[in-house]
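Please treat every number below as a calculation from the coordinates, not as lab data. Since the structure is predicted, the reported quantities are computational estimates derived from the model, not experimental observations. Here the Cβ positions follow ideal geometry from the backbone for every residue, glycine too, while neighbour counts run over all protein chains shown.
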Amino acid sequence: MLETALKKSKLLVILLICSITAFAQQKNKTTISGYVKQSENGENIIGASVSIKENGSGASTNSYGFYSISVRPGSYTLVFQYLGFKTLEKKVTITSSTTLNINLEAEGKQINEVVVSSSGVKKNVTSMDMGVNKLEMRSLQKMPALMGEVDIVRSIQLLPGISTVGEGSSGFNVRGGGVDQNLILLDESPVYNSSHLFGFFSVFDPDAVKDVKLIKGGIPAMYGGRLSSILDVRMKDGNVNNFSTSGGIGTVSARFLAEAPIVKGKGSFVIAARRSYADMFLKLSPDESLNKNSAYFYDLSGKANYTINENNRLYLSGYFGKDNFGFAERFAMNWGNGTGTLRWNHTFNPSLFANFTAVYSNYDYSLGIPSGVNAFDWTSKIINQTIKGDLSYYANQNNKLSFGANATFYRFKPGSATTADQNTSFNDIALQTQLGQEYAAYVDNEQKITEKLSAQYGLRLSAFNYVSGQNNFTVNEYEGITGQRKEPVNPKTYNKGDVIKTYYNLEPRLSLRYVLTDESSVKASYNRTTQYLHLISNTTAATPLDVWQPTTNNIKPEWADQVALGYFRNFKNNSIEFSLEGFYKKMQNQIDYIDGAQLFLNSNLESELLYGNARAYGLEFYLKKNTGKLNGWISYTWSKSERQIDGINNDNYYPSKYDKTHNLSVVGIYDMSKRWSFSAIFTYSTGVSTTFPNGRYEIDGIVVPHNTTNSRNNYRIPSYNRLDISATLYPRHKPGSKYESNWVFSIYNLYARRNPYTIYFQPSENNPQVTEARRLSIIGSLIPSVTYNFNFR
Amino acid sequence: MNTRYILFILCCMTVLVSSCEDVVDVNLDSGPPLLAVDGWLTDRDIPDTIKVTQTSPYFSNTAPLSVVGAKVTLTTSSGESEQLTELSSGKFIVQNIRSIEGVSYTLKIEHDGEVYEAKTTATRQSFLLDSLTFEFREKSIGQKEDGYIVQYYGKELEGKGDACRLKIKKNGVYLNSKEDLNYMNDDFVDSASFKKVRMFTEKPFQLNDEVIVETWSITMDAYHFYDELRAQVNNGGIFANPPANVRTNVKNINSSSSKKAVGYFGASLVSSVSAKVTDADK
C-alpha cells in the first residue's frame, strides 16, 4: 500500500526537483538573509516585515524569525518593521550573499510606558494572507477576561468568522465548521482538546505563548489534516540575555514563568507553570460534602533552544496539562494533553531554509470509582507521532517555493474499562486498538507575477491507511435503515499491522492578490482540505470524554472546498486596517448520529453514525486600529451554516448548532496615561437554534416531549449580548528597579444579563404534571475579578 | 453501567458550572394529536392495564386526553386472542392473557378509521436479584438529603442480549419520577454476580421504609426506549443531547398515513425482592 502511495507521490517529487533545478540555475543571484529578533530577550520575531526601499520588494520572517531576499548586487536601504517595535532602517552594500541579523527594540521598553506607534505596517494589504488573524499577546493582557484569566481560545471568538455553541463551551467553530475541524498546533504539535474546566478556559498558558495565528481561509498547502482552520500557537523561546521571571495571581489560577540563557547568546530555556487554586478553599471547608472533593487543572510547559552555529539551531519543547476532579472516594476523573516537539532549523544556503520536526502528542482521559467493591477505571487515549520536513526555497525576487513531506502514526485506544476488585459485578471490556497512518507531501509557490499581481498556488497529496491495531481485529460493514441503528454484517478479521483501507486525496490550493492602490488590494482564494480524524460527539458542547475516531472502511474522509473573495484597505498611514471577506464552503462526509446513539464503549460505534453534507457562507467585516492611545477592533460576521444529513430533519438542510446569523464584537483599549489603561468588549450574536417540542404524552406518569414534525433545530433561542470592562493599573516604577507589576481589575458581563445558553423543556420540580420551558444561563450575573501580574529581570 | 455513569458525570459537570436556570415563556406551535400508548403485559397476579390516550400541546398541563371509542385487541403467538375491556375511558384491562417467556404479543388498536399495531415478546428473566442492602450517605452533590441508598446483590444469566427494568416501591407506592428510572442491559455484566450495585432514586430512603424492587424483563428495544426517554426528560445543561423523539413500537399499519402513534407496549416477567431500612444499616 505504501508503495502505491509512493508511486503516486513520485510525480510530485519529479515536479519538485525540476522546479528547484530550474530556479537554482539562475546566475548572479545574491541574497540578504538572517534572523530578526527582539533586542531585549533575543526572541525570534515571527512575521516581521522586511522591505527594500529602493525597489519595493520585501518579505516577512517565517515562524523562526528567518527571512531571505534575493537582490542584484548594489546598495540598498532595508526597513525592518514589526508592530510595537521601533522601525529600523539599515543601509547595506551587497556584493555577494550577506547575512544580516537584526535586533528590534520594543517601543515601550518599560511596561508602564504608553505604547504609541507612529505608523502601522502595510502587510494587511500586500501579503498573500486572507482569512488570517493574529492575536497580539500584549493587547490580550489588557482586555477584560472571564475571572481575569487571559485566554487565547476565548479571545479568538472575538474575531470574524468564529462562533461557538455558547458560553463556556469547548473549542470554537470556524466558518461553519465543527470544533474538531480546527488543527490546533502548539509548537507544531497537535492538541486534541484545547479546554480546561469543560471549556471555560483553554490549555494555553498565556505567559508562555509568543505568537498566535489563526488561518481560516486560503490555507497554504503546507497545512492539512483538518477542514476548517489552523490555530498556530508558538511558545516563547526563552531569554538568551539574562535570567528573568514573570507570573501572576488571579481569581482562578496562579502562574509562574522563568527563563534564562543556557549559554549566553547561544541558547536559552523557559519553563512555565499554571495551576488553578479554587479547590484549596474547598479543603478548608468544614463541610464534609465539600472538603473531600477536588477540582483543579494545571499546565506545565517548557522549551529549550540551542544555536549550534549560523546554520543550525535546535528547539525542544513540551507541554503537559491535566484537569482533575474527585468526589470523595466515590468518583474520580481526569483528562489532559501531553505534547513534545523536537525541531532542527537548518539553512542549507542563504536561500534554502529547512525545518525538520519530530512530534509526539497524546490526549487521554480516565474516570471511575477509585475504591470499593464496584471500583473501576475507564480510560481512552489517542497518541500520535509525526516526522516531517518543511523547506523554503527563496528562489528569486519573484518566487518563494515551499515544499515538504510528513508522516503521522496514530494509535487510537477508544475505550477500555477495567475493574479493580475481584468481587466486582462488572466485566472488563476493551475496544479494539485502531491504528492510522497519514502521509502528505506538498509543493507551494508564492509568485510575484506583475508588480500588482501575486499568486500562491500549491498542491497537497495526502493518504491515509486504516490499520489493524491487534490480532483478530474485526471489521464489519453495516446494513439497515438510514436513521436507525444498523446491524453489523460481513465480519472480516485482520492481524496486527494489516492495512484495512487506504484513501488518497489531492488538495489543490490557490490564492491571488491584486494591489489596487498603495493602500488597497483584492484577494481571492480557493482551497480543498481533507480530514481523516473525527471527534465523535453528539452533545451540544464537546465534552472531555469525546473520542477521536479514525477514518475507517465505513467512515469516509471528510473533505471541504472553500472559495473566498476579499477587499483589503488600510487608512491613515496603515494605522487602521480594514477588510471585507466573503466565503462559501461546502463540506462532505460530515458525521452525525442516530437518535439515542450510544457513543461510549460501543464496539459497533459505526452502527450509530449518519453521514451527510454541510455548507456555510457569509460575509466578514473587520476594522482594526493597531496604534495610538485608543486601539482595538470591530468584527462583524453575517453567515449561515447548515447541514444535510440523511436520517435527520426529513433529509432536508437544517441550521447547524453553531449557526449564528449575526455576530458582532467590539474591542476597545484606551491607554489613558502611564499608569492607567482601560478596556471594554461588547459582543452580540443571534441565538443558536434548537429543537422545541409541539406535543407531550405520558409514560408511567413521566411527561415526554414530542415533536410531530420530526424537524431539527426548528427554533432559535434569544440573542446573546454582553459587555465586559477592565482597568489596568501600573504602579509607579522605581527608577533602576528590576521589578515591574500591574493590576488588572475586570468585570465580566457588566449588566448582568442572563444570556440563554439553551432553553429546554422539563416537568416542573413541584408538580411533574406541569411542563415548563427552562432557560439555562451559564453566567447568570456579573463576575468581577482582580489579577496581579509581575515580571522581574 | 456506561449510561448510568455518563449521566452521573454530566450531572456533576452541570453542578460544577455555576450556572443559573429560570422558567421562561416560550410560544410553541401545537402539533396534531397523536395516539399514545402506555402499557405492559406481565405475569403478575393483578390484571394489567393498557392506557390509550392522545398527545396534547406541550404546555397543556392537564392529564392526557383519553381516546374515546377505541377497539383494543391482544393476540399471542400461541394463538390466544382477547378484546380488552375498557374500564374507564382510555384504560383497558387485560383479563386472561398473561406474559409467558418466549411468547410474542400483538396489540391492535382500531381508532378513528386507523389501525395501529404494537408487537413485542416476553423475554427471559435474566437479572436475578436475591437481596437488598442500604447504605447511609450524607447529603452531597447528586443527593438532595441525608438518607439511605439502596443496593442489590444477585446474578445475571449467561448469554448476551438481556435487559431489565427495575421498578422500586417505597411503602407500597411505585416511585415514578424521572430520577427513579432504573434499567440496564447485560453488555458489560453478562453472567456477572452483582454485589452492592447502586440503584438511583430521586430521594434517599429513611429509617423503617419498606422497599420492594421489582425486576421486569424487557427486550433490547424496550431498553433503548427507556434510554432515549431518560435522555429526553433529563436533557439540560451544556452537554445536552439534541432533542429528539423517543422511539415507539406502535405503528400505523398504513405506513403512508399521516396519523402516527407514540408510546410503548411491552411484555415482562416480573419478580421482586424486598427489605426494610433498619438501624443496622447505618
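Worth a mention:
- Given R0 = 41 Å, the distance between the Cβ atoms of residue A:53 and residue A:752 translates into a calculated FRET efficiency of 0.15.
- In sequence order, calculated HN-Hα J values of the range A:690-702 (Karplus, 6.51, -1.76, 1.60; Hz; x Gly/Pro): 8, 9, 10, x, 10, x, 8, 8, 10, 10, 6, x, 9
- Rounded if a/c under 1.5, otherwise prolate or oblate - the range A:132-792, Cα gyration tensor axes: rounded
- Spin-label model, residue A:650 to residue B:49: label points 7 Å out along the Cα-to-beta-carbon direction sit 3.7 nm apart.
- Among B:262, B:23, B:189, residue whose mean-square fluctuation peaks in a GNM of chain B (springs only between Cα atoms under 10 Å): B:23
- Virtual spin-label span in nm between residue A:312 and residue A:782, 7 Å along Cα→Cβ: 6.0 nm
- Sorted on the mean count of surrounding Cβ atoms within 10 Å across their residues, most packed first, peptides A:408-415, A:372-379, A:213-220 read A:213-220, A:408-415, A:372-379.
- Counted by neighbouring Cβ atoms within 10 Å, the residues B:117, B:101 run from fewest to most as B:101, B:117.
- Shape category assigned to the range A:125-283 from the gyration tensor of Cα positions, a/c cut at 1.5: oblate
- GNM top mover of B:243, B:204, B:47 - chain B, alpha-carbon springs below 10 Å: B:243
- Charge tally in the Cβ shell below 15 Å around residue B:129, where Lys, Arg are +1 and Asp, Glu are -1, residue B:129 excluded: +3
- Legend: ranking of residues A:518, A:421 from fewest to most surrounding C-beta atoms inside 10 Å; resulting order A:518, A:421.
- Karplus-derived HN-Hα couplings along the range A:82-89 (A = 6.51, B = -1.76, C = 1.60, θ = phi - 60°), whole Hz, x at Gly and Pro: 7, 4, x, 10, 5, 5, 10, 10
- Cβ crowding within 10 Å ranks B:220, B:184, B:199 as B:220, B:199, B:184, fewest other Cβ atoms first.
- Residue A:729 paired with residue A:482, simple spin-label distance in nm, labels 7 Å along Cα-to-beta-carbon: 6.4 nm
- Calculated translational diffusion coefficient of the range A:202-262 (10 °C, 1.306 mPa s; Stokes-Einstein with Kirkwood radius over alpha-carbon pairs) equals 112 µm²/s.
- Order by protection proxy (mean Cβ within 10 Å, highest first), peptides B:75-83, A:604-612: A:604-612, B:75-83
- Shape class for chain B: oblate, because the ratio a/c of the largest to smallest gyration tensor axis (alpha-carbon atoms, square roots of eigenvalues) is 1.5 or more and b/c is at least a/b.
- Within the range B:21-60, backbone nitrogen closer than 19 Å to the virtual label 7 Å beyond the Cα of residue B:112 toward Cβ: B:29-39, B:51-60
- Legend: mean number of C-beta atoms from other chains within 10 angstrom of residue C-beta atoms, peptide B:25-35, equals 5.
- 10 Å Cβ neighbours from other chains, averaged over peptide A:763-771: 3
- For the range B:12-107, the set of trypsin sites (Lys or Arg not before Pro) satisfying both a DSSP loop assignment and a count of at most 10 other C-beta atoms within 10 Å is empty.
- Gain on full stretching of the segment that runs from residue A:93 to residue A:387 - 0.36 nm per residue minus C-alpha separation: 101.8 nm
- Rounded Å value of the spacing that divides the Cα centres of the range B:57-132 and the range A:516-565: 49 Å
- Legend: distances between Cα atoms for B:178/B:276; B:178/B:260; A:657/B:167; A:29/A:625; pairs beyond 31 Å are A:657/B:167; A:29/A:625.
- Of all beta bridges that DSSP places with both ends in chain A, some 95 percent have antiparallel geometry.
- Other protein chain C-beta atoms within 10 Å of residue C-beta, averaged over A:535-547: 3.
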